Amino acid sequence: MPAPEAVVFDAYGTLLDVNGAMAQHAARLGERWEALSAEWRGKQLEYTWVRSLTGAAHHENFWLCTRDALAFVFARHGIDDPALQKQLMEAYRFLPAYPEVPAMLRGLRERGVAVAILSNGTPGMLADAVSAAGIEALVDEILSVESVGVFKPDPRVYRLATRQFGCEPEELMFVSGNAWDGQAALDFGMQVVRVNRTGAPDEYGLAAAGVVSLSDLAGLPGLLS
């Protein structure tokens, strides 16, 4: 692949394990914890999309979307435990990185490649997350959608990266674990790599468009050799 000016990562579900918060409290939630975590994630994203589509007056930051999504899931399943809800939200601020992420980022740094995060998360959420994950020193730039007041997949979000690095979209590599996110970055003109940890089917014609799919991020630096 052409050597990029920088590799730009999505955060949640790409570098950070979005199931990490509920996994910490699996004993209290029982066997349903994974299903609850998936529902929380799905509702969280739904809220971001709906708020973006209905206009700037309806924008609410990612932390609040995450809180509202969790409240919905608890209400739908009849879970009346405010203390647990608060603990899950706190855990979401400090999600773990996937195991291969630190070594992968060091590999990019050894190749002299700049690294950025481009995320729906608020600046505070992202600062807490990269610090807790131990990758703060391996990330050069952290870009939050809050600077444009709209969520992915709006093209204004991806434009933040080209403005930051002063380059054209095709000079950046965008890496995401979310197929819809990859599709939007590809349409914007970026090189795209999909991280498909669950072996999900291809979506949006990404494979036909030449998007590389990896089962995890360990092999990413090798793509740039």
Selection count where residues are aliphatic (A, V, I, L, M), more than 22 Å from ASP154 (Cα to Cα) and in contact (Cβ under 8 Å) with a residue 60 or more places away in the chain, scope region 1-32
4
Among the candidates PHE62, PHE74, which residue alone is touching a Ser or Thr at 6+ places or on another chain (Cβ under 6 Å), modelled with pLDDT of 95 or more and open to solvent by less than 30 Å² (accessible area, probe 1.4 Å)?
PHE62
Only one of ALA83, ALA71 is assigned to a helix (DSSP H, G or I), in contact (Cβ under 8 Å) with a residue 12 or more places away in the chain, farther than 22 Å from SER144 by Cβ and out of contact with any strand residue (DSSP E or B) (no Cβ under 6 Å at 6 or more places or on another chain), namely ALA71
For region 157-167, how many residues are surrounded by fewer than 16 Cβ atoms within 10 Å (Cβ to Cβ) and over 20 Å from LEU108 (Cβ atoms)?
2
Those residues that are open to solvent by 40 Å² or more (accessible area, probe 1.4 Å), over 26 Å from GLU110 (Cα atoms) and of a type in the set (Asp, Glu), I need them from region 168-225; list them, please.
ASP187, ASP202, GLU203
Starting from residues that are among the charged types (D, E, K, R) and without any contact (Cβ under 8 Å) to a residue 40 or more places away in the chain, keep the ones in region 33-68 and report whichever is farthest from SER119 (Cα to Cα).
GLU34
Would you call GLU168 in contact with a Ser or Thr (Cβ under 8 Å, 6 or more places away or on another chain), in contact (Cβ under 8 Å) with a residue 12 or more places away in the chain and farther than 21 Å from SER52 by Cα?
yes
Residue by residue through region 121-149, note down the ones that are part of a loop (DSSP other than H, G, I, E, B) and open to solvent by 10 Å² or more (accessible area, probe 1.4 Å).
THR122, ALA133, GLY134, VAL139, ASP140, VAL148, GLY149
Within region 33-53, considering residues that are open to solvent by 20 Å² or more (accessible area, probe 1.4 Å) and among the aromatic types (Phe, Trp, Tyr), the one nearest to VAL157 (Cα to Cα)
TRP49
Can you tell me how many residues in region 201-225 are of a type in the set (A, V, I, L, M), modelled with pLDDT of 95 or more and either out of contact with any strand residue (DSSP E or B) (no Cβ under 9 Å at 6 or more places or on another chain) or outside any loop (DSSP other than H, G, I, E, B) (or both)?
5
Against the conditions (1) closer than 26 Å to LEU214 by Cα; (2) within 19 Å of the chain's Cα centre (by Cα); (3) among the charged types (D, E, K, R), where does GLU90 fall short? Just the number, please.
(1)
Going by the structure shown, is LEU105 open to solvent by less than 20 Å² (accessible area, probe 1.4 Å) and in contact (Cβ under 8 Å) with a residue 40 or more places away in the chain?
no
What pairs come up if the first residue lies in region 149-163 and is at pLDDT 95 or above, the second is assigned to a loop (DSSP other than H, G, I, E, B) and among the hydrophobic types (A, V, I, L, M, F, W, C), and their beta carbons are under 6 Å apart, counting only those six or more places apart or on different chains?
ARG156/VAL148; ARG156/VAL150
Conditions (1) part of a helix (DSSP H, G or I); (2) open to solvent by less than 10 Å² (accessible area, probe 1.4 Å): number failed by VAL7:
(1)
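The values are calculated or read from the model by the stated rules, or taken from the named source; none is laboratory data. These numbers were taken from a predicted model, which means no experiment stands behind them. Ideal geometry is used to build each Cβ from the backbone, glycine not excepted, and the neighbour counts take in all protein chains shown. Remember, those area values only see protein heavy atoms, side chains included, never the ligands or the DNA or RNA. Shrake-Rupley method; radii C 1.70, N 1.55, O 1.52, S 1.80 Å.
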